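First the structure, in the form of C-alpha cells, and then the observations on it.
The values are calculated or read from the model by the stated rules, or taken from the named source; none is laboratory data. Note that this is a predicted model, so its numbers are computed, not measured. Glycine gets a Cβ as well: all are built from the backbone with ideal geometry, and neighbour counts include every protein chain shown.
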Amino acid sequence: MYPNISRVASASSKRSLLGLIPGRSTFVWIVAFSVSMNILLLVIPFYSIEIFDRVLSSGSVETLIGLTGIAVIALAFSAAFDTFRSRLLSRFAVAFERYVAPIVLESVIADSSGRGDSRVNDLAKVRELRSFLSGGTVTTLIDAPFLPLFIFILFFLHPWYGIIALIGTTILLVMGFVSRKIARAEIAQATGAASRTQAALDGIVRHASLVRAMGWTRGAVREFMRLNDQALSPVVRGSERVAAIASAARLVRTVLQIAAIGTGAWLVLQNEVLSGSLIASSLLIARTLQPMEGLISAWRALTSAHEAWIQVCAAAAPVLERTRKTVLPTPSGELEVAHLTYRTAAVKRPILAEVTFQCRPGEIVVVIGPTGAGKSTLLRLIAALERPTGGTIRLDRAALENWDPDQLGQFVGYLPQDVQLLGGTVAEAIAGFDENARDEDIIAAAMLAQAHEMILSLPQGYQTAIGRDGNKLSGGQRQRIGLARAFFGDRKLILLDEPNANLDPEGEEALCAAVQRARERGAALVIVTHRPRLLTVADAVLLLRDGRQFAFGPPSGVLPLSVSGATPIQTPRSRPGEAASFKIPVVGRRG
Ligand SMILES: Nc1ncnc2c1ncn2[C@@H]1O[C@H](COP(=O)(O)OP(=O)(O)OP(=O)(O)O)[C@@H](O)[C@H]1O
Ligand SMILES: [Mg+2]
C-alpha cells in the first residue's frame, strides 16, 4: 500500500499575495524619500518669505546669495530623491510582475479547461498593475498624506491662509468623490465590453485564413468595430465628464491661489503679516491642492488598478492556497474508474453518469459510442483536465486529485480529439516543455508511434518547422506526431481520443502496431474510436450512450450490443438507491 497522502500546507498558503512580493520593503525607502522631498520643497515658500522680509528690507546681497545657494542645494536634493523614488517604484513594479506573473500563469494553466477563454486577460491585469505601479498615480497618492502638514504651516502663517486651503481641499474632495463615481460606473460598463472585444479579436486573428477563405473579412471587421464601439463609448463618456471636473478643479486651485495672494495683500495692509507670506501662502496652497487635483484625473487609473488587483488576487489564490502533494511512487498504470459522474451547470442531464471500469497495465480498453456520448469527456476526466462531480478515478489506487499534477502528467500520455501541436519544430512538438528531453527519447517515442519514417521524410526531419498549432502539417501527420507526443517519456497510462480519425489504412495499421507495442511495454491504454480497426486489438470495450455506461466487457460480449442497441446487462443493485452498475468481467491480457 502507498503511504497516506499527507496534506502539508505550504508556508505561503493563506497569506495574502501582497505579503509575499519580494522587495516590498523598498516602500520604506520610497516613503522616506517622499517625506524628505516634501520637506525640502518647503524651501521655496520659506525662500520667498526670507527674500521679501529680510533681503528686500536689509538690501544685503550676501544674504541673497547665501539663501539662493541653500535653496538651490535643497531643490537639487529634492530632485535627486524624486529620481530615486521613481527608480525604486519602477524596480518594485518589475519585481511585482516577475513574482506575480508566474503564479497567475500557473493558475491559468491549472484551471483552464481548454474551452473557456475568460481567464486570458488575468496576465494582462498583472501587466496593467506593473505599469500602474511605475506610473505617476502612485507618487500622487504618496504625496497626498502631506496635505495636513502644509495646511498646518498655512494656519501658522495666518489662520486665513489655512481656512482658504481647507475650503479648497473640501471642494476638491467633493469633486474627487464625483469623479470616482463616474470612473467606477464607466469601468463597470467598459470592462465587460472590452473583454468581449478582445475575445472576438483573438478569434478573428487566430482564424484569419478561415475568415479569408469564407469571405468573412468585411463581416469580421464590422463585428470588431461594433464591439469596439460598445467598449469605447462608456470610456469616451466617462473621460469627457472627468475632464470637465478636472478643468473645474484646476480653476478652483488657481482661483484659491489668487485668493491667497489677495488675502495676503489685505493682511499686509492690515499689518497682520509680512509681505513675504503672501507669495509663500500662494505657493503652499498650490502644493497642497495639486495632489488633490491630480487624484481627480487619477481615479480612473486607481479604480481600474484596484479591480485589476482583485482579479489578480483571485487568480493567484488557488496556487497560493494549494497544498503540497506528497510525491507518490512511480505508478504501474492501473486505472480504476468508479461511479464516475460529470455534470456542468449549463447542461441539465449529466454528461457522464455512473461510469465504472478498470484498465490494468498491459491492457487496451476501447471506448465506443455515438457522437455526443461523452467519450472525449471521459478521457478529459481521466487526464485530470476536468474534475469529476461524482465518483472517483484512481491511478494505482490513489485518487487523481491526490497526485501532484506535474508528477501525474509525466506518466499520462494524452492525445486530444483535435490535435494541437505546441512548439516550433517537430522535435519540440513531441517533447513539449520537457527541459531534460533527450534526442534518443524523442526518436524512441516517434518510433513507438510509427511516425519516425514519416518525420524523416519531412523537409528538415525532426527540425521541420510545424507552424502555429502545427498548421504546416497534414491532418494525418499532425495526428501521428501527436501520438508520438502521447508516447514520449515513460507513460504508464495512455489516453488516445480518436487517434485514427485522420489516418489512411496504412496509418491505421501503423497505429494498431504502435498501441500493441505500448501494451507490450506494460502501458495501460484507453482509446476512443469510431472506426472498427482498433477494436481488433481491444482487450475490453466500453460502450457509452448519452453519457451512460451501456456495457463494458470483452469485445465479443459488447460489440453485438453496440449494433443491436439492446438494453444493458445489469447486476442486481446491492443497495437501494445505488445506481445501476454493470457486470465487469475480468479482462485477460491478449497477445
Ligand atoms: N464543458 C462542457 N460544457 C458543456 N457541455 C459539455 C462540456 N463538455 C462536453 N459537453 C457536452 O457533453 C456531451 C459529450 O461531449 P463529448 O465531447 O464527450 O462527446 P463525444 O462522445 O466525444 O462525441 P464525439 O464522438 O463527437 O467526439 C456533448 O453533448 C457536449 O455538448
Ligand atoms: Mg469526442
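The table below lists the values:
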quantity: From the options 363, 354, residue that is in contact with a helix residue (DSSP H, G or I) (Cβ under 8 Å, 6 or more places away or on another chain), charged (D, E, K, R) and either away from ligand 2 (no atom under 12 Å from the Cβ) or closer than 27 Å to residue 434 by Cα (or both); calculated: 363
quantity: Condition broken by residue 468, with the remaining ones in (1) within 16 Å of ligand 2 (Cβ to nearest atom); (2) within 31 Å of the chain's Cα centre (by Cα); (3) free of Cβ contacts under 8 Å to residues at least 40 places away in the same chain satisfied; calculated: (1)
quantity: Condition check for residue 418: assigned to a loop (DSSP other than H, G, I, E, B), charged (D, E, K, R) and within 16 Å of ligand 2 (Cβ to nearest atom); calculated: yes
quantity: Check on residue 85, surrounded by fewer than 16 Cβ atoms within 10 Å (Cβ to Cβ), among the basic types (Lys, Arg) and at negative phi; calculated: no
quantity: Given (1) modelled with pLDDT of 85 or more; (2) under 13 Å from the mean Cα position of the chain (by Cα), index of the condition residue 122 fails; calculated: (1)
quantity: Inter-residue pairs, beta-carbon under 6 Å, first more than 21 Å from residue 406 (Cβ to Cβ) and in region 368-393, second within 13 Å of ligand 2 (Cβ to nearest atom) and of a type in the set (Lys, Arg), 6+ apart; calculated: 369/375
quantity: Hey, residue 350 surrounded by fewer than 17 Cβ atoms within 10 Å (Cβ to Cβ) and either within 13 Å of ligand 1 (Cβ to nearest atom) or in a loop (DSSP other than H, G, I, E, B) (or both) or not; calculated: no
quantity: Count of region 501-533 residues which are surrounded by fewer than 24 Cβ atoms within 10 Å (Cβ to Cβ) and not in a helix (DSSP H, G or I); calculated: 9
quantity: Boolean, residue 348 is of a type in the set (D, E, K, R) and within 16 Å of ligand 2 (Cβ to nearest atom); calculated: no
quantity: Among residues of region 366-380, those that are surrounded by fewer than 21 Cβ atoms within 10 Å (Cβ to Cβ), outside any helix (DSSP H, G or I) and within 9 Å of ligand 2 (Cβ to nearest atom), counted; calculated: 2
quantity: Answer from 340, 328 - the residue that is in contact (Cβ under 8 Å) with a residue 24 or more places away in the chain, in a loop (DSSP other than H, G, I, E, B) and either away from ligand 1 (no atom under 16 Å from the Cβ) or within 33 Å of the chain's Cα centre (by Cα) (or both); calculated: 328
quantity: Residue among 296, 310 that alone is of a type outside the set (Lys, Arg), out of contact with any strand residue (DSSP E or B) (no Cβ under 6 Å at 6 or more places or on another chain) and in contact (Cβ under 8 Å) with a residue 60 or more places away in the chain; calculated: 296
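For (1) outside the structural domain of residue 168 (by TED's automatic domain parsing); (2) buried (at least 17 other Cβ atoms within 10 Å of the Cβ); (3) closer than 30 Å to residue 56 by Cβ, each residue gets a yes or a no:
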residue: 230; (1), (2), (3): no, no, no
residue: 264; (1), (2), (3): no, yes, yes
residue: 271; (1), (2), (3): no, no, yes
residue: 278; (1), (2), (3): no, yes, yes
residue: 289; (1), (2), (3): no, yes, yes
residue: 314; (1), (2), (3): no, no, no
